[in-house]
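*Asks:* Quick one: structure below, then a few questions.
The values are calculated or read from the model by the stated rules, or taken from the named source; none is laboratory data. Small disclaimer: the values here were computed from a predicted structure and weren't measured. We place every Cβ from the backbone using ideal geometry, glycine too, and count neighbours over all the protein chains shown.
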Amino acid sequence: MSDTNQTDASHNDAGQSPAGQAGQEWSAERVARQLLDAEASVTAQTSIVAEWEGLDLDTAYEAQDIALRIRQERGEVITGVKLGVTSRAKQRQVGVDTPSTSWLTDAMILPPGEPVPRDKMIHPRVEPEIAFVMGERLEGPGVSAATALAAVKHVLGAIEVIDSRFAGYKFTMTDVVADNASSGYYVTGPVSVSPEGLDLGLEACLLEIDGEIVDSATGAAVYGHPAEALAFAANTLAERGLAIEPGWVVITGGMTDAVPVQPGMRIAAHFTNLGSITVSGG
Ligand code: OOG
Ligand code: MG
């Protein structure tokens, strides 16, 4: 799956330079609004860092939080946290090697059986993930994988449908953090399993496209272990005074390369203990 950048189905993916803002000063707020506008108008843009060197990591997270606040003002509710680029497959695919945290809201839930809403997306890609549902509040710093796992109520399989606001998925670390790590939609599987007695490092996932197994990975692909990724999320959020709340879902990052969604595609992720999830390409 190394040619995914070339095979992306894309509309409005011409990579417009950030438009209509001439003369306006850059700020985290402007970055947040511009990326939300790109999402709403289903239009890709080019790297913001290329235009504004001031977009450092702190400012990118600030933009991400401002965008969350705007989503909340329009009625969206936080449902959890999404980890980004936690696996080597993803790091290689997008050329970013530092994991990140971003926000999930109820508007991003794709109900089981619903096709990928392609008309609302620029160039969707799917990726299988291992998801946690939190039983207890998890607050860094100093959270270990074992502490993190002890706060988990259930483990689920998931498919995330990502959609970068950047043309060709060409972005830097700070671009993608500001862009809520290409958030689109997520669907969780029908099987929820207690973490006790599960060896998540060895939990396997087969990714099937149109009846063919195109990729596979185990949980160890995710930052060594999905619970390590969860601990990373808690410790990173703590730097901004935030915690992972009970009931939240944490998707721990794509286990394999993300696969471009084509119309009519049949996508399935099969897990050892977490069941199977299917999504139609729409
Ligand atoms: C970044 C999305 C990161 C993951 O699971 O790694 C992410 C991208 O690939 O556009 O959701
Ligand atoms: Mg993901």
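*Asks:* Give me a count of the residues in region 231-243 that are more than 16 Å from ligand 2 (Cβ to nearest atom) and on the phi < 0 side of the Ramachandran plot. So that I can check it myself, show each step before the final result.
*Replies:* Taking region 231-243 and keeping what is more than 16 Å from ligand 2 (Cβ to nearest atom), we get 231, 234-235, 237-243.
With the extra rule that they be on the phi < 0 side of the Ramachandran plot, the set shrinks to 231, 234-235, 237-240, 242-243.
Final tally of qualifying residues: 9.
*Asks:* Here's something else I'd like to know. State all residues of region 179-235 that are closer than 29 Å to Y61 by Cβ, of a type in the set (V, I, T) and part of a loop (DSSP other than H, G, I, E, B); if no residue qualifies, say none.
*Replies:* Residue satisfying the conditions is V222 alone.
*Asks:* Restricting to region 230-263, name every residue that is surrounded by fewer than 20 Cβ atoms within 10 Å (Cβ to Cβ) and of a type in the set (S, T, Y).
*Replies:* If the condition is that a residue be surrounded by fewer than 20 Cβ atoms within 10 Å (Cβ to Cβ) and of a type in the set (S, T, Y), then T236 is the only one that fits.
*Asks:* Given the residues V155, V126, V191, which is the only one that is within 14 Å of ligand 2 (Cβ to nearest atom) and in contact (Cβ under 8 Å) with a residue 60 or more places away in the chain?
*Replies:* Numbers: V155 fails: within 14 Å of ligand 2 (Cβ to nearest atom); V191 fails: within 14 Å of ligand 2 (Cβ to nearest atom).
Result: V126 is the single residue among V155, V126, V191 that is within 14 Å of ligand 2 (Cβ to nearest atom) and in contact (Cβ under 8 Å) with a residue 60 or more places away in the chain.
*Asks:* Between a first residue in region 87-98 that is more than 18 Å from A229 (Cα to Cα) and a second residue that is modelled with pLDDT under 95 and outside any loop (DSSP other than H, G, I, E, B), which pairs have beta carbons less than 9 Å apart while being 6 or more apart in sequence or on different chains?
*Replies:* Hits for this filter: Q93/T4; Q93/N5.
*Asks:* Criterion first (touching a Leu at 6+ places or on another chain (Cβ under 9 Å) and under 16 Å from G275 (Cα atoms)) does S183 satisfy it?
*Replies:* Considered against the rule, which asks whether it is touching a Leu at 6+ places or on another chain (Cβ under 9 Å) and under 16 Å from G275 (Cα atoms), S183 comes out as no.
*Asks:* Give R137, R165 a once-over and let me know the one that is basic (K, R), surrounded by fewer than 22 Cβ atoms within 10 Å (Cβ to Cβ) and over 19 Å from C205 (Cβ atoms). So that I can check it myself, show each step before the final result.
*Replies:* Details: R165 fails: surrounded by fewer than 22 Cβ atoms within 10 Å (Cβ to Cβ).
Selected residue: R137, the only one of R137, R165 that is basic (K, R), surrounded by fewer than 22 Cβ atoms within 10 Å (Cβ to Cβ) and over 19 Å from C205 (Cβ atoms).
*Asks:* Which one of the conditions (1) away from ligand 2 (no atom under 15 Å from the Cβ); (2) closer than 30 Å to A44 by Cβ does A150 fail to meet, given that it meets all the rest?
*Replies:* Unmet condition: (2).
Yes or no, residue by residue, for (1) more than 17 Å from G254 (Cα to Cα); (2) surrounded by 18 or more Cβ atoms within 10 Å (Cβ to Cβ); (3) away from ligand 2 (no atom under 16 Å from the Cβ); (4) small (G, A, S):
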| site | (1), (2), (3), (4) |
| --- | --- |
| I70 | yes, no, yes, no |
| S100 | no, yes, no, yes |
| T105 | yes, yes, no, no |
| K120 | yes, no, yes, no |
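*Asks:* Hey, among S41, S27, which residue is modelled with pLDDT of 95 or more, surrounded by fewer than 17 Cβ atoms within 10 Å (Cβ to Cβ) and over 28 Å from A233 (Cα atoms)?
*Replies:* S41
*Asks:* Further, regarding this structure: Just to verify a result, which residue in region 244-268, among those that are assigned to a loop (DSSP other than H, G, I, E, B) and among the charged types (D, E, K, R), is farthest from ligand 2 (Cβ to nearest atom)? Let's see the steps before the verdict.
*Replies:* Of region 244-268, the ones assigned to a loop (DSSP other than H, G, I, E, B) are 245-248, 252-258, 261-265.
Filter once more, so that each one left must be among the charged types (D, E, K, R): 245, 257.
Values: E245: 20, D257: 11 Å.
So, considering only residues that are assigned to a loop (DSSP other than H, G, I, E, B) and among the charged types (D, E, K, R), the one farthest from ligand 2 (Cβ to nearest atom) is E245.
*Asks:* Hey, could you check region 44-66 for residues that are farther than 25 Å from P128 by Cα, of a type in the set (A, V, I, L, M) and crowded, with 17+ Cβ neighbours inside 10 Å and say which is nearest to ligand 1 (Cβ to nearest atom)?
*Replies:* A60
*Asks:* Quick one: V96 ticks every box in (1) more than 15 Å from ligand 2 (Cβ to nearest atom); (2) surrounded by 15 or more Cβ atoms within 10 Å (Cβ to Cβ); (3) not small (G, A, S) except a single one, so which number is it?
*Replies:* (1)
*Asks:* From A131, A148, A158, grab the single residue that is under 25 Å from L274 (Cα atoms) and assigned to a helix (DSSP H, G or I).
*Replies:* Testing whether each residue is under 25 Å from L274 (Cα atoms) and assigned to a helix (DSSP H, G or I) leaves just A148.
*Asks:* Return the total of residues in region 268-282 being farther than 30 Å from E196 by Cβ and buried (at least 16 other Cβ atoms within 10 Å of the Cβ).
*Replies:* Restricting attention to region 268-282, the residues satisfying the condition of being farther than 30 Å from E196 by Cβ are 280-282.
Going one step further and asking which of them are buried (at least 16 other Cβ atoms within 10 Å of the Cβ), we end up with 281-282.
The qualifying residues number 2.
*Asks:* Please verify whether E208 is farther than 19 Å from D257 by Cα, at pLDDT 95 or above, more than 14 Å from ligand 1 (Cβ to nearest atom) and out of contact with any helix residue (DSSP H, G or I) (no Cβ under 6 Å at 6 or more places or on another chain), treating the condition exactly as stated.
*Replies:* Judged against the criteria, E208 is not a match.
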